[in-house]
1. Surrounded by fewer than 20 Cβ atoms within 10 Å (Cβ to Cβ), free of Cβ contacts under 8 Å to residues at least 12 places away in the same chain and within 14 Å of residue 189 (Cα to Cα) - does that describe any residue in segment 37-50?
2. Kindly indicate the residue of segment 51-67 that is surrounded by fewer than 24 Cβ atoms within 10 Å (Cβ to Cβ) and within 10 Å of residue 178 (Cβ to Cβ) and also farthest from the chain's Cα centre (by Cα) among those meeting that condition.
3. Identify, please: which residue in segment 191-208 is without any contact (Cβ under 8 Å) to a residue 24 or more places away in the chain and under 17 Å from the mean Cα position of the chain (by Cα) and is, among those, nearest to residue 21 (Cα to Cα)?
4. Got a sec? Which of 143, 152 is in contact with a helix residue (DSSP H, G or I) (Cβ under 7 Å, 6 or more places away or on another chain), at negative phi and buried (at least 18 other Cβ atoms within 10 Å of the Cβ)?
5. Just to confirm my filter: which strands (runs of 3 or more DSSP E) fall fully inside segment 170-211 and include at least 3 residues that are modelled with pLDDT of 90 or more, on the phi < 0 side of the Ramachandran plot and surrounded by 15 or more Cβ atoms within 10 Å (Cβ to Cβ)?
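The values are calculated or read from the model by the stated rules, or taken from the named source; none is laboratory data. Note that the structure is predicted; figures quoted are calculated from it, not measured. Positions of Cβ are backbone-derived with ideal geometry, glycine not excepted, and every protein chain shown enters the neighbour counts.
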């Protein structure tokens with residue numbers, strides 16, 4: 001068994017976090033580190049820091065190429081009770097296969113445990129999360145990051161599939177490949193309001209009930225419950 005000392009290798013500051021965290025942020029020097037056999041640095045950006053009531057939640061920001069190898073849609077929706085579920089068969093005449101497509105995407109999704117991982121994943125060109133500088137020496141706490149780097153590619157693939165499913169046509173079949181070029185931690189400012197985290201400046205909200213460590217995240221972030 002290897003023991004990782006939770007101390008910033010740059011400034012020596014003790015790293016704070018929840019018991020399940022694998023992503024740690026140094027509030028003294030601003031370094032972001034991933035735990036494993038040793039602490040490994042990862043680039044971090046900040047976005048949507050609006051006011052003193054903001055809680056910073058960690059997300060993964062993934063730069064990836066998405067290749068759609070095959071995409072088949074139905075020509076119409078099926079609304080009758082008998083036909084509401086229907087196994088996909090290639091011989092069905094009302095299925096239309098689209099051309100292959102590929103593109104470079106920035107995708108973000110939570111780096112904390114939530115039951116809504118895929119539904120909160122978005123393409124970055126749909127919701128703008130531009131990087132904001134932090135004043136040196138004023139680094140707010142970031143806790144709750146427990147989605148490890150080893151899961152990033154799988155979850156990014158799931159988000160890419162979810163984006164295709166959410167389109168207005170009637171998707172019957174999708175086959176795609178994803179190639180991850182780079183990953184960063186994106187600390188996004190969220191405002192706790194009633195029973196949800198609202199991502200500042202957007203209509204996106206994440207219910208407390210969907211976030212496994214919501215209470216601990218709020219307490220460690222200095223927010224009074």
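1. no
2. 67
3. 208
4. 143
5. Values: elements: 170-193, 196-199, 205-207.
Once the strands (runs of 3 or more DSSP E) in segment 170-211 are filtered for at least 3 residues that are modelled with pLDDT of 90 or more, on the phi < 0 side of the Ramachandran plot and surrounded by 15 or more Cβ atoms within 10 Å (Cβ to Cβ), what remains is 170-193, 196-199.
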